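Below you'll find the structure, written out as structure tokens, and then a few comments.
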Amino acid sequence: MPHRKIPSSSGVQSPPTPFLHARISYSSSTNVTSSVPNLQLESGWRILPVFTLYGVLTTELRWKTAQFAIFYYFFTGLGITAGYHRLWAHRSYNASPPLEYALAMMGSGAVQGSIKWWTRGHRAHHRYTDTDLDPYGAHRGLFWSHIGWMLMETRKSPGHTDMSDLSKNRVVRWQLRWHLWLIIGMGFVLPTVIPGWGWGDWRGGYVYAAAVRLLFVHHSTFCVNSLAHYLGETPFDDKNTPRDHLITALVTIGEGYHNFHHQFPMDYRNAIKWYQYDPTKWFIWGCQQVGLASHLKTFPDNEVKKGQLTMQLKRLRRAQDDLSWPAENNDLPVVTWESYRKEAEKRPLISIAGFIHDVADFLDEHPGGHAILLRNVGKDATASFFGGVYTHSNAAHNLLAMMRVGVLLGGQPHGSEEYLIPPAQKLRVVRYNEPGYLSVSSAYSSSDETIP
Ligand SMILES: [Zn+2]
Ligand SMILES: [Zn+2]
């Protein structure tokens, strides 16, 4: 990979780089990275999967080591999801010092850079979603958002975000100071030593609980940036790419309800329904139960439901637009009673509730027979249609409205107001800038009122 030129002035953010690089590139005093370790560590990043594959092909997998590797995957993964992500990047709850230190160590074991580096990128991802200031913007494709952003050359820095809260955080500074040793200890030594001392499987521990587990944890996190912006539904907002899907949740320790998360990022939950898979939420809730976490933030349910309703209305609007509707009143000619009677001598016109209907194509279709229709041609049949002769169904009323060809001048019979609008149009989805949308006229009231 070509050498990257990083401006040397302080305050310039480093470009998105592999976690292995990032963990070493931040010093506690500046954000500027050195591009020398960049070259070496990016190479290291690329050979990690090859090395892991070699290890797997040449090392026996023991049952105890496999169980431990899975446990350690969740242990270090929660350091990212409950720690890096929901605690530090989004401040969705308060953690007691023991929990905070534990999460910093667990997250270090996932080898995804320091809390500070990770959070900066993630906050930019939320603030500039799907733009070039989003370090792993999904608008550049699935591969880019998954891993390409770390492997490919880019001169773009993540967009600016406020990091002042973390600069003062004792645990974040502690982790940054000891980061390299924490990575070595939590990422490689501990998962090797436990199977080694525990059941004599040093090599298996290193290959499966350290290297293979690391590969899985990395791709689990990468899937939050890629799969969670690609696969699934948008039940809360469809402005950007984030989506909700169970499969993403399963591979990311519960971060798969990403459409919800981008709408309500400070909510400690990703999944709001009890049956949805979000072990990170359960972990945080469990920590609260034993006094390790507090002030778990949840977005008001009323506002969450508004998001859902908006998306439901959008779907209904699309369905509404796919149907044919009666002609608008303004598009219909307004005729006098006399003109109507005269015209009805030439073709079968019937007046009902102030509208004139041409029933020519319906004469043979009328379930009550065509004779009754012909008897009403040139007359007002409002009472007959709405119960005088037969109480027609909603469907009949909807169909009748499709036959409108004119409006009778002053011809709406008294008491027929409720019949003006066919049942299918009594509830409609109307955009704010369309005729029929009620504006808040009281905003222009001249009287001085008291704010409640
Ligand atoms: Zn996202
Ligand atoms: Zn987030």
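Here are the numbers for the structure shown:
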| quantity | calculated |
| --- | --- |
| Residues of region 85-101 satisfying the condition of being within 16 Å of ligand 2 (Cβ to nearest atom) and either in a helix (DSSP H, G or I) or outside the structural domain of residue 190 (by TED's automatic domain parsing) (or both) | 85, 86, 87, 88, 89 |
| Candidates 288, 276, 320 - the one that is outside the structural domain of residue 250 (by TED's automatic domain parsing) and either out of contact with any helix residue (DSSP H, G or I) (no Cβ under 8 Å at 6 or more places or on another chain) or buried (at least 17 other Cβ atoms within 10 Å of the Cβ) (or both) | 320 |
| Residue under evaluation residue 82, criteria (1) more than 14 Å from ligand 2 (Cβ to nearest atom); (2) in contact (Cβ under 8 Å) with a residue 40 or more places away in the chain; (3) assigned to a helix (DSSP H, G or I), criterion not met | (1) |
| Breaking point among (1) touching a helix residue (DSSP H, G or I) at 6+ places or on another chain (Cβ under 7 Å); (2) over 30 Å from residue 318 (Cβ atoms); (3) among the aliphatic types (A, V, I, L, M), for residue 189 | (1) |
| Yes/no for residue 138 being free of Cβ contacts under 8 Å to residues at least 60 places away in the same chain and either more than 30 Å from residue 59 (Cβ to Cβ) or charged (D, E, K, R) (or both) | no |
| One residue from 319, 293 being more than 16 Å from ligand 1 (Cβ to nearest atom) and in contact (Cβ under 8 Å) with a residue 60 or more places away in the chain | 293 |
| Candidate set from region 411-420 (those that are under 15 Å from residue 329 (Cβ atoms) and surrounded by 15 or more Cβ atoms within 10 Å (Cβ to Cβ)); member that is modelled with the highest pLDDT | 419 |
| Residue 171 vs. criteria in contact with a Pro (Cβ under 9 Å, 6 or more places away or on another chain), more than 16 Å from ligand 1 (Cβ to nearest atom) and in a helix (DSSP H, G or I) | yes |
| Enumeration of residues in region 388-410 that are within 20 Å of residue 334 (Cα to Cα) and touching a helix residue (DSSP H, G or I) at 6+ places or on another chain (Cβ under 8 Å) | 400, 401, 403, 406, 407, 408, 409 |
| Residues located in region 214-262, provided they are within 13 Å of ligand 2 (Cβ to nearest atom), among the small types (Gly, Ala, Ser) and within 16 Å of residue 82 (Cα to Cα) | 254, 256 |
| Check on residue 130, acidic (Asp, Glu), closer than 22 Å to residue 95 by Cβ and within 16 Å of ligand 2 (Cβ to nearest atom) | no |
| Extreme residue, nearest to residue 296 (Cα to Cα), among residues of region 227-259 that are assigned to a helix (DSSP H, G or I) and away from ligand 1 (no atom under 11 Å from the Cβ) | 249 |
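This table checks each residue for (1) in a loop (DSSP other than H, G, I, E, B); (2) away from ligand 1 (no atom under 14 Å from the Cβ); (3) over 21 Å from the mean Cα position of the chain (by Cα); (4) not aliphatic (A, V, I, L, M).
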{"site": "113", "(1), (2), (3), (4)": "yes, yes, yes, yes"}
{"site": "122", "(1), (2), (3), (4)": "no, no, no, yes"}
{"site": "125", "(1), (2), (3), (4)": "no, no, no, yes"}
{"site": "132", "(1), (2), (3), (4)": "yes, yes, no, yes"}
{"site": "135", "(1), (2), (3), (4)": "yes, no, no, yes"}
{"site": "139", "(1), (2), (3), (4)": "no, no, no, yes"}
{"site": "144", "(1), (2), (3), (4)": "no, no, no, yes"}
{"site": "149", "(1), (2), (3), (4)": "no, no, yes, yes"}
{"site": "160", "(1), (2), (3), (4)": "yes, yes, yes, yes"}
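The rows are residues; the columns are (1) more than 30 Å from the chain's Cα centre (by Cα); (2) assigned by TED's automatic domain parsing to the domain that holds residue 305; (3) among the polar types (S, T, N, Q).
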site	(1), (2), (3)
208	yes, yes, no
223	no, yes, no
231	no, yes, no
240	no, yes, yes
252	no, yes, yes
264	no, yes, no
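The values are calculated or read from the model by the stated rules, or taken from the named source; none is laboratory data. None of the values given here were measured: they were computed from a predicted structure. So basically every Cβ, Gly included, is an ideal-geometry build from the backbone, and we count neighbours across all protein chains shown.
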